[in-house]
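Since the structure comes first, as structure tokens, the remarks are kept for the end.
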Amino acid sequence: MIEFEGLPELVDPVLIAAFEGWNDAGEASSGVLAHLESEWKATPLVELDPEDYYDFQVTRPVVELGDGLTRSIVWPTTRLLLARPQGAKRDVVLLRGIEPNMRWRSFCAEIVGLCHDLGIELAILLGALLNDSPHTRPVPITGSVSDPGMARALNLEMTKYEGPTGIVGVLQHTLGVAGLRTVSLWASVPHYVAQPPNPKATLALLRRIEDMLDIPMPYGDLAEESRAWEHGVDELAAQDSEVAEYVRELEERKDAAELPEASGDAIAAEFERYLRRRDRGTDR
């Protein structure tokens, strides 16, 4: 583990984590971390030793050119960064990584130790999965929590998934056993347009995080990029009658299943989010 200038004293810190790889359809969840790191100008805290957790023949290092001549090696690893959002009453630790290839239990134990050292008591873990959701409708967000009361407070649709899991599921379990409150948020990415990036799913995850933390999220150009992405998929679907018909079937199925919610809780939640951002002067 490499520490950058030691671990600072933090104010009521919360962890937001995402990993590239199996947990990251359309790079929607890792896109959240990349966006927040850039917008909040996050600074490095800790870098895990990649020798311990990565098979470099599976997850290879990358060669980069610094000035067009000088080569450098960027090793696959997991990093923790510190963000202090303007106007927020708490610090945010961003955990941005690549799903490790081995020693998952040791990996998670090291993350737990860092959380304890930093005073983190709440962790939000992000993921994205391929699903049969239409690209024209709001992105479904499901999740799981360590405390059932949190699910009711967050009005979060709980996932009913059982089966193979990735590092997000393992890390959430480990953090929960260690006494941290945890929430995992999963965005559903249309399987027929799985190629990254997916700014619409990234934006949906950001909005859910904002609802949880009451910290204004820096959306930047994501809303515009989301509209452009949806318009581009519309055009591609229109060129293939079978795809267009399939999208219409998904829309009808989705609308029939969610009509009661669309007229109630979903509209109320969106209106509350609008009022919060307006009061802060951050509505976009």
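Every read-out reported here was derived from the displayed coordinates using simple, explicitly stated rules and does not represent laboratory data. Note that the coordinates shown come from a computational prediction; the quantities given were computed from them, not determined experimentally. For neighbour counting, all protein chains shown are included, and Cβ atoms are generated from backbone atoms with ideal geometry for every residue, glycine included.
Among the trypsin sites (Lys or Arg not before Pro) within the range 26-119, those in coil by DSSP and having at most 16 neighbouring Cβ atoms inside 10 Å are K41, K89, R90, R103. Rg and Dmax over the alpha-carbon atoms of the range 135-203 stand at 13.6, 40 Å. Extension gain, E39-R60: 0.36 nm per intervening residue step, less the Cα-Cα distance, totals 4.8 nm.
Each listed q (0.07, 0.08, 0.10, 0.11 Å⁻¹) maps to a log10 I(q)/I(0) for the range 2-280, found by the Debye formula over equal Cα scatterers with no solvent: -0.27, -0.35, -0.56, -0.67. Using the Cβ-Cβ distance between W104 and D214 with R0 = 30 Å, the FRET efficiency computed as 1/(1 + (r/R0)^6) comes to roughly 0.40. Magnitude of the charge dipole for the range 2-280, about its Cα centre and with charges confined to Cβ atoms of Lys, Arg (+1) and Asp, Glu (-1), is about 600 debye.
With kT/(6 pi eta Rh) evaluated at 4 °C and eta = 1.567 mPa s, and Rh the Kirkwood radius from Cα pairs, the range 1-88 diffuses with a coefficient of 85 µm²/s according to Stokes-Einstein.
Residues D52, D91 in ascending order of nearby Cβ atoms (within 10 Å, fewest first): D52, D91.
Size descriptors for the range 31-151 (Cα atoms only): Rg and Dmax, in that order, 17.3, 56 Å. For the chain, the membrane-span-like helices by this rule, meaning whole DSSP H stretches whose C-alpha atoms cover at least 18 Å of axis and whose Kyte-Doolittle mean is -1.0 or above, are 104-118, 199-213, 222-238, 241-262; this says nothing about an actual membrane.
Using only the C-alpha atoms, the convex hull of the range 79-235 corresponds to 131 Å³ per residue. What is the sum of charges around Y246, taking Lys and Arg as +1, Asp and Glu as -1, for the other residues whose C-beta is under 13 Å from the C-beta of Y246? In short, -4.
Here is how the number arises for the chain: DSSP H runs of 4 or more residues each give -39500 (n - 2.57), the sum is divided by the residue count, and the result at 222 nm is -13000 deg cm²/dmol. Give the percent of DSSP beta bridges with both residues in the range 2-280 that are antiparallel, rounded to the nearest 5. If we restrict to bridges inside the range 2-280, about 45 percent are antiparallel.
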